[in-house]
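Have a look at the structure below, then the notes.
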Amino acid sequence: MQKHSRKEDWIAILTGTFIVAQGIFFLQSAQLLTGGTTGLALLMSQFVPISFGTLYFALNSPFYLLAWKRFGKRFAASSAISGALVSIITDNMHRVVTLDNVNTIYCAIAGGLLMGLGMLILFRHRSSLGGFNVLCLFIQDKFGISVGKTQMAIDCAILVASFFFVSPSIIGISILGAVMLNLVLAMNHKPTRYVVTYG
């Protein structure tokens, strides 16, 4: 399969990170959670005086090293840039958008779908958001198990663990968002349908 050009990759990184940030904004607005390092950062930001973006990038940082070792310098660098862009955009969304009427179920569905679409764009252009995305890509690359399946398993485990910190209703609605996110990935990022090289 012909590779995307570098110009296409950079446009995709800007597009994908922007879409992911919109999804996170919906989750934040309804005080919902999700899986992966995003979910951990959303949860921690409710209890510590540190912005989501700062927590998000810090939690992802160790996984950029894994990306460097397993997938190469270019993939690791683009993933770190993508993670940084999501952090910056999300932390500044409140400057341009506010939600006066928040329906938690809508925010879960919209947030999950937008995050899944943004991540799909990044995956197909040799990038990721770091965190467990890198681990899931590693598993897909080595064992042929789709990203969506492994990501869903990790996300559900994190959301179940969050039961000790937030209400059951928030957990239930958050799981809906995580399912929507991972359905997008499971249906659209199968290793036998779309081959991506990370070097």
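The values are calculated or read from the model by the stated rules, or taken from the named source; none is laboratory data. These figures come from a predicted structure and were not determined experimentally. Here Cβ is always computed from backbone atoms with ideal geometry, including for glycine, and neighbour counts include all displayed protein chains.
List of remarks:
- When each of Ser79, Ser128, Ser87 is tested for being within 21 Å of Ala58 (Cβ to Cβ) and not in a helix (DSSP H, G or I), the lone residue that passes is Ser128.
Here is a yes/no grid of residues against (1) of a type outside the set (A, V, I, L, M); (2) within 13 Å of Thr17 (Cβ to Cβ):
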| residue | (1), (2) |
| --- | --- |
| Thr98 | yes, no |
| Leu114 | no, yes |
| Leu117 | no, yes |
| Ile139 | no, no |
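- Condition check for Ala41: in contact with a helix residue (DSSP H, G or I) (Cβ under 9 Å, 6 or more places away or on another chain), in contact (Cβ under 8 Å) with a residue 40 or more places away in the chain and among the aliphatic types (A, V, I, L, M): no
- All positions within the stretch 31-41 that are on the phi < 0 side of the Ramachandran plot and surrounded by 22 or more Cβ atoms within 10 Å (Cβ to Cβ): Leu32, Leu33, Thr34, Gly35, Thr37, Thr38, Gly39, Ala41
- Count of the stretch 135-148 residues which are crowded, with 24+ Cβ neighbours inside 10 Å and over 14 Å from Ala186 (Cα atoms): 0
- Screening the candidates Phe138, Phe143, Phe163 for the property of being under 26 Å from Arg6 (Cβ atoms) and out of contact with any Pro (no Cβ under 9 Å at 6 or more places or on another chain) yields one hit, Phe138.
- Selection within the stretch 81-102 - closer than 21 Å to Phe138 by Cα and surrounded by 22 or more Cβ atoms within 10 Å (Cβ to Cβ): Ser82, Gly83
- Check on Gly148, in contact with a helix residue (DSSP H, G or I) (Cβ under 9 Å, 6 or more places away or on another chain), of a type in the set (Gly, Ala, Ser), part of a helix (DSSP H, G or I) and under 12 Å from Leu33 (Cα atoms): no
- Listed by first and then second residue, the pairs linking a residue in the stretch 1-27 that is touching a residue at least 40 places away in the same chain (Cβ under 8 Å) to a residue that is among the basic types (Lys, Arg) and surrounded by fewer than 15 Cβ atoms within 10 Å (Cβ to Cβ), with Cβ atoms under 9 Å apart and 6 or more places separating them unless they lie on different chains, are Asp9/Lys3.
- The residue list Ile24, Ile19, Ile13 contains one member that is over 28 Å from Asn103 (Cβ atoms), surrounded by 15 or more Cβ atoms within 10 Å (Cβ to Cβ) and either at pLDDT 95 or above or not aliphatic (A, V, I, L, M) (or both), which is Ile13.
- Residue-level check: of (1) under 23 Å from Ile173 (Cα atoms); (2) in contact with a Leu (Cβ under 8 Å, 6 or more places away or on another chain); (3) free of Cβ contacts under 8 Å to residues at least 60 places away in the same chain, Ala76 misses just (1).
- Residue within the stretch 103-120 that is over 14 Å from the mean Cα position of the chain (by Cα), modelled with pLDDT under 95 and surrounded by fewer than 18 Cβ atoms within 10 Å (Cβ to Cβ) present: no
- Exactly one residue out of Ser167, Ser146, Ser127 is closer than 24 Å to Gly83 by Cβ, at pLDDT 85 or above and either within 18 Å of the chain's Cα centre (by Cα) or of a type outside the set (A, V, I, L, M) (or both): that is Ser127.
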